[in-house]
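Visitor: Next up is a structure, given as structure tokens.
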Amino acid sequence: MLSGISRRGVVLCKSCCRQYSVVGLDPVSEMRSVPASIVLPSYHRNGIPPPRLPTVDIKSKDEISRLREAGHITGGILDKVMNMVQVGITTDELDRYAHDQIVSQAAYPAPLNYRGYPKSICTSVNNVLCHGIPNSRQLQDGDIISIDVSIFYKGVFGDCCSTKVVGQGDSTVHELTKVTRDSTLAAIETCKPGVRLCAVGNTISDYAEKAGFSICKEFIGHGIGSYFHGLPEVYHYSNSHGPTLRPGMVFTIEPILMEGRDRMSILADGWTAVSADSKRAAQFEHTILITDNEPEILSPHR
């Protein structure tokens, strides 16, 4: 996994002699509009979400039903967008496609104007950890892209993310993608009543450490419901924090695994989080429900 940075922002992977481009900021198109018939979240005009609840809430049967519906729509759209990923397509084109798919389901693209975010999905390529803003850059052979789709539907939010290698890619990036996915699913399996939430981070850490990857500590999973982000806070690294899980809790698990060191910075747009050493990252996310028995994935996707 050792690498060196060559001229023109290209990283050469010494273990496999392939290369990938270091991603920065490219031109961004105008914010897209939504039909007047779409039910809008409270922040759609001023970008300011309401204060989060002070405690972890237990969802009612009605809330769970709506969250399940929103999650299934979100996961289905994510799969469609991931199928669009190919060499030569721009992330702005992916955003346009996702936006149209979301509003066709009578849903609102949750990132749109959330704290001023200008697009409908997040597209994070190569050294971008998360919150990459879709733009005019074309995807290249060997890129890795994480796509985060979230919606507001029937008064609740759905949220999920997946990562895909564009074209062939090298052995390291395929392993990074696989370990990120596998660790997320393994962490989900631990989420049963009576278990401490810290089991999530401890499980993901075991996977990452064995594979030689690091975990981004700055971004965490979160409670979700009628609000986009709330309690509990879900740490993806080894820890001893968090409540004991109870039926009716709903939250996301969304680790970012990094090829290099666990160091990051935010670019000038105020959103795009990048690795400090320009190495690559992958993210995988599900929204889950704690039941009386096994956890339920509310946002099924590939």
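Visitor: Hey, if you drop one equal point scatterer on each alpha-carbon of region 212-283 and run the Debye formula without solvent, what base-10 log of I(q)/I(0) do you get at q = 0.14, 0.15, 0.18 Å⁻¹?
Guide: Here log10 of I(q) over I(0) equals -0.53, -0.59, -0.79.
Visitor: If you don't mind, another one. Would you mind giving the average projected area, over all directions, of the Cα convex hull of region 139-198 in nm² with one decimal?
Guide: Value for region 139-198: 6.1 nm².
Visitor: Taking K and R as +1 and D and E as -1, what net charge do the other residues with C-beta under 10 Å from the C-beta of residue 25 add up to?
Guide: Local net charge: -1.
Visitor: Between 83, 126, 135, where does the largest GNM mean-square fluctuation fall for the chain, given springs only between Cα atoms within less than 10 Å?
Guide: 83
Visitor: Another question about this same structure. How large, in percent, is the carbon and sulfur part of the accessible surface of the chain at a probe radius of 1.4 Å?
Guide: Of all accessible area on the chain, carbon and sulfur atoms account for 52 percent.
Visitor: Let me ask you something else. At 10 °C and a viscosity of 1.306 mPa s, what translational diffusion coefficient does Stokes-Einstein give for region 183-247, taking Rh as the Kirkwood radius over Cα pairs? Give it in µm²/s as a whole number.
Guide: Numbers: Rh = 12.2 Å.
Here the translational diffusion coefficient equals 130 µm²/s.
Visitor: Rolling a 1.4 angstrom probe over the protein heavy atoms, how many square angstrom per residue are accessible across region 144-302?
Guide: Per residue, region 144-302 has an accessible area of 35 Å².
Visitor: Same structure, new question: Given all pairs of different Cα atoms, what value in angstroms does the Kirkwood hydrodynamic radius of region 103-226 take?
Guide: It works out to 16.3 Å.
Visitor: Could you calculate, for region 248-302, the ratio of the Cα radius of gyration to the Kirkwood radius, expressed as Rg to Rh?
Guide: 1.14
Visitor: Give the value in nm², to one decimal: projected area of the alpha carbon convex hull of the chain, averaged over all directions.
Guide: 14.4
Visitor: Less than 11 Å Cβ to Cβ from residue 254, Lys/Arg counted +1 and Asp/Glu -1: what total charge do the surrounding residues give?
Guide: -3
Visitor: Taking only Cα atoms and a 10 Å spring cutoff, compute GNM fluctuations for the chain and point out the largest among 37, 136, 183.
Guide: 37
The values are calculated or read from the model by the stated rules, or taken from the named source; none is laboratory data. In this text, all values refer to a predicted model and were calculated from it rather than measured experimentally. Cβ sites come from the backbone with ideal geometry, for glycine too, and all protein chains shown count toward neighbours. These area figures cover heavy atoms from the full protein model, side chains too; ligands, DNA and RNA do not enter into them. Shrake-Rupley method; radii C 1.70, N 1.55, O 1.52, S 1.80 Å.
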